[in-house]
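One structure is given below, encoded as structure tokens.
The values are calculated or read from the model by the stated rules, or taken from the named source; none is laboratory data. These figures come from a predicted structure and were not determined experimentally. Note that each Cβ is placed from the backbone with ideal geometry, even for glycine, and that neighbours are counted across all protein chains shown.
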Amino acid sequence: MENKETEKVHCLIIGSGPAGYTAAIYAARANVKPVLYQGIQPGGQLTITTEVENYPGYADGVQGPEMMVDFEKQAKRMGADIRFGLATKVDFTGPVHKVWIDDEKIIEADAVIIATGASAKWLNLESEQRLNGYGVSACAVCDGFFFRNKEVAIVGAGDTACEEALYLSKLCTTVHMLVRKDENGMRASKVMQERVKNTANIKVYWNTETVEVLGENKVDAVKVRNTKTNEEQTIPVSAFFVAIGHEPNSQVFKGWLDMDEAGYIKTIPGTSKTNIKGVFAAGDVQDKIYRQAVTAAGSGCMAALDAERYLGELSTAL
């Protein structure tokens, strides 16, 4: 086990969404020679997004995967060393941070930027995955705009689901909100529940579970079942939004970094610093509020600047 190949690097970036690539662009330009491992989903969540219209600089919009190719090319042009591989274990005991890649290789880094993102939770329906990007989405703020003046469905019962339903209600003719439990089982805060109930074009279905999303190449309808009566009905909709939460990809750092109860890495407010010196976190792995490409990119910039300062102080101290 101890005979694994070991490589020493100045700055290691884990993850390749907007946060990871932006951190790589800034770190490379600052000449800290970053090495970036792309992780299980190179490009992050944007690679399963079709049209992106709300990222500044793309006047005509851009396909999510194409945008992440642009990010990667820019990071490479600046001199970032981009590699395929997954961080499977870490040891943040000493001043030099150890990260195992694919259980095969150990990277020793003076500074580590964690940008592993988060993954949307899904209902695990075959049709949901097949139509993902073709009317099925886990982000109303990203994709609601494409379904203006149409009927849509959203599944979820927390504050996020309520917020997204309200957001959709301003764009869409009717929002069919599917809630598995009855009114007493809704997790959202009372104020959010009231707002939903007081919005005329949001129709809430209690005790309702999704059976299937219907459609060949696009969403045509959603089939639902009442959990009390077992009665099924088909609701014609143009889009199906899943708002049952996100899961931060932070499992490998458990026990080392301070996290909230959901597993989001805690950073010192106004910085990307974690509780361990020389370890920084950026993007959706530490942000459960905004979760946008542009905010992830901004926090990637912060992490690179924080890491650069840390490495500067480190070399001065030596």
Item to check | Count of residues meeting criterion [under 26 Å from the mean Cα position of the chain (by Cα) and under 20 Å from Gly156 (Cβ atoms)] in region 215-255 | outcome: 14
Item to check | Residue in region 31-44 that is touching a Pro at 6+ places or on another chain (Cβ under 8 Å) and outside any loop (DSSP other than H, G, I, E, B) present | outcome: yes
Checklist entry - Quick one: which of Gly156, Gly133 is in contact (Cβ under 8 Å) with a residue 24 or more places away in the chain and crowded, with 23+ Cβ neighbours inside 10 Å? => result Gly156
Checklist entry - What strands (runs of 3 or more DSSP E) lie completely within region 196-281 and have 1 or more residues being of a type outside the set (D, E, K, R) and touching a His at 6+ places or on another chain (Cβ under 9 Å)? => result 202-205, 221-226, 232-236, 279-281
Next on the checklist: List pairs: first residue in region 191-214 and in the same structural domain as Glu151 (by TED's automatic domain parsing) and of a type in the set (Phe, Trp, Tyr), second residue at pLDDT below 95 and surrounded by fewer than 17 Cβ atoms within 10 Å (Cβ to Cβ) anywhere in the structure, Cβ distance under 6 angstrom, at least six positions apart or on different chains.
Outcome noted: Trp206/Asp182
Checklist entry - Residue check: is Ser169 under 29 Å from Val285 (Cβ atoms) and touching a residue at least 12 places away in the same chain (Cβ under 8 Å)? => result no
Item to check | Residue satisfying condition, being more than 24 Å from Val242 (Cβ to Cβ), in contact with a strand residue (DSSP E or B) (Cβ under 6 Å, 6 or more places away or on another chain) and touching a residue at least 40 places away in the same chain (Cβ under 8 Å), within set Ile114, Ile25 | outcome: Ile114
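The rows are residues; the columns are (1) assigned to a loop (DSSP other than H, G, I, E, B); (2) acidic (Asp, Glu); (3) farther than 30 Å from Cys301 by Cα.
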site	(1), (2), (3)
Ala111	no, no, no
Leu123	yes, no, yes
Gln129	no, no, yes
Phe145	no, no, no
